[in-house]
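Visitor: Take a look at the following structure, please.
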Amino acid sequence: MPTPLTADTIVTAPKVLLHDHLDGGLRPATLVDLAEQVGYRGLPTTVVPDLARWFAESAYSGSLERYLETFTHTTAVMQTRESLVRVASECVQDLAADGVVYAEVRFAPELHTERNLTLDEVVRAALDGVAAGTRVAARAGQQIRARLLLTAMRHAARSREIAELSIAFRDQEVAGFDIAGAEAGFPPTRHLDAFEYLRRENAHFTIHAGEAFGLPSIWEAIQWCGADRLGHGVRIVDDITVDRDGNATLGRLAAYVRDKRIPLEMAPTSNVQTGAATSIAEHPIGLLTALKFRVTVNTDNRLMSGCSMTSEMTALSEAFGYDWHTLQWFAVNAMKSAFLPFAERLILINDVIKPAYDRLRAG
């Protein structure tokens, strides 16, 4: 008899995380501690449970712009080498404890230079933290491979510089490049120089698209910029029509995304918070999974959303009746889509992910 799907059992299942923001996953206690160390007085409260509650309440605004405002507090305490090392290390430890066996954690180096760190120093600090967290996890008997994605901000003009930085560190566990920030008014085509450079360098990149803005954002990210993956991509559902009998008809763009197996980095709780979906039960991930799009499940911002990979998988299982086969499918989808050499992806799929789910199905 299969092992029942509960939070206690799902946490033991191997998971793959492609979309998680470093500055969106701080432990509330660490945020309070670092604020005191660096003299930051802007926190709404220094009472840890109240601070965690404040982030969650602020995030449930239904507005991506309001959601992004919460990052003012986290980035404010991530301006020194020591703080970056600590946050990155704790991030990896928390993911490993949550059963994540492979993670790509993204952050924007340009947001961490207010105390005169260079971009290179910012990246090196984060990489040192990832390595330290991996060692701590290993001592606890938890296996994880964690890598970084370097993010450029859509509203800024440093995307080419950050793209070059990602290439400079590509052999040091920097997996690729990303752009993030408010979509409306800041199309990805403003950063074509960076994307053309990355393609010339045979590099991987993902683009936040189709979250707060619709199909044009997705189309530009794919057809103009050449994105390997879509950050969120939830609004691809706008190009799908479902009749009263439940039959789905895909538009040209949706069909292209499915046919090309372009990965969708979906984050259900975050999407509900920002208004991209009305609830977990009504999240387009249900339809997109049924239609066999390359769906992956992600946390986005664990602090703001008060979530983990376990809580996301648990919520989806409760909402849609998913079993271990579907949860394995999500993990394999993500592993296939990772910015990791093919042979290394196969090892994790065949030697780690599939055997663990076989055991869970066997009970």
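Nothing in this text is a laboratory measurement; each read-out follows from the coordinates by a stated rule. Just so we're clear, the structure is a prediction, and the values are computed from it rather than from any experiment. Glycine also receives a Cβ, built like all others from the backbone with ideal geometry; neighbour counts cover every protein chain displayed.
Visitor: Provide the gained length on full extension for the span Ala140 to Glu57, in nm with one decimal, where the gain is 0.36 nm per separating residue minus the Cα-Cα distance.
Guide: Extra length from Ala140 to Glu57 when fully extended: 26.6 nm.
Visitor: Let me ask something else. Given charges of +1 on the Cβ of Lys and Arg and -1 on the Cβ of Asp and Glu, with all other atoms neutral, how large is the dipole of segment 7-362 about its Cα centre, in debye to the nearest 20?
Guide: Charge dipole of segment 7-362: 660 debye, to the nearest 20.
Visitor: Oh, and also: Based on alpha-carbon centroids, what's the gap between segment 118-147 and segment 343-363 in Å, whole number please?
Guide: Rounded to whole Å, the Cα centres lie 24 Å apart.
Visitor: Please arrange Ile222, Ile240 by counting, for each residue, the other beta carbons lying within 10 Å of its beta carbon, fewest first.
Guide: Listed from fewest to most nearby Cβ atoms, that is Ile240, Ile222.
Visitor: Here's something else I'd like to know. What ranking, highest mean first, results for peptides 75-86, 273-284 when packing means the other Cβ atoms within 10 Å averaged over each residue?
Guide: Ranked from most to least packed, the peptides come out as 75-86, 273-284.
Visitor: Provide Arg53, Arg258, Arg139 in ascending order of the number of other Cβ atoms located within 10 Å of each residue's Cβ, fewest first.
Guide: Lowest count first: Arg139, Arg53, Arg258.
Visitor: Starting from the Cα of Asp259, step 7 Å along the direction of its Cβ; do the same at Thr46; then give the gap between the two resulting points in nm.
Guide: Simple spin-label model gives 6.0 nm for this pair.
Visitor: Still on this model: Output the relative contact order of the chain, whole-number percent, from Cα pairs under 8 angstrom with separation of 6+ residues.
Guide: With pairs under 8 Å counted, the relative contact order is 21 percent.
Visitor: Counting other beta carbons within 10 Å of each Cβ, put Thr269, Thr3 in order, fewest first.
Guide: Result, fewest neighbours first: Thr3, Thr269.
Visitor: Label Ser279 and Ala248 with points 7 Å out from Cα along Cα→Cβ: what is the distance between them in nm?
Guide: Reported label-point gap for Ser279 and Ala248 is 2.1 nm.
Visitor: For the chain, set up a Gaussian network in which alpha carbons nearer than 10 Å are linked by springs, and say which option among Ala290, Ala152, Ala126 fluctuates the most.
Guide: Of Ala290, Ala152, Ala126, the Gaussian network model singles out Ala290 as fluctuating most.
Visitor: So, one more: Taking Rh as the Kirkwood radius computed over C-alpha pairs, what is the Stokes-Einstein D of the chain at 4 °C in a medium of viscosity 1.567 mPa s, expressed in µm² per second?
Guide: 63
Visitor: Restricting to DSSP H runs of at least four residues, report the calculated mean residue ellipticity at 222 nm for the chain, -39500 (n - 2.57) per run over all residues, nearest 500 deg cm²/dmol.
Guide: -13000 deg cm²/dmol
Visitor: A further question follows. Highest mean first, what order results for 129-138, 36-45, 342-351 on Cβ atoms within 10 Å?
Guide: Highest mean packing first, the order is 129-138, 342-351, 36-45.
Visitor: Using all Cα-Cα distances in segment 253-348, what percent lands in each 10 angstrom bin from 0 up to the longest?
Guide: 16, 47, 32, 5
Visitor: Which one of Leu346, Ala175, Gly286 is farthest out on the positive end of the charge dipole of the chain, using unit charges on Cβ (Lys, Arg +1; Asp, Glu -1) and the Cα centre as origin?
Guide: Leu346
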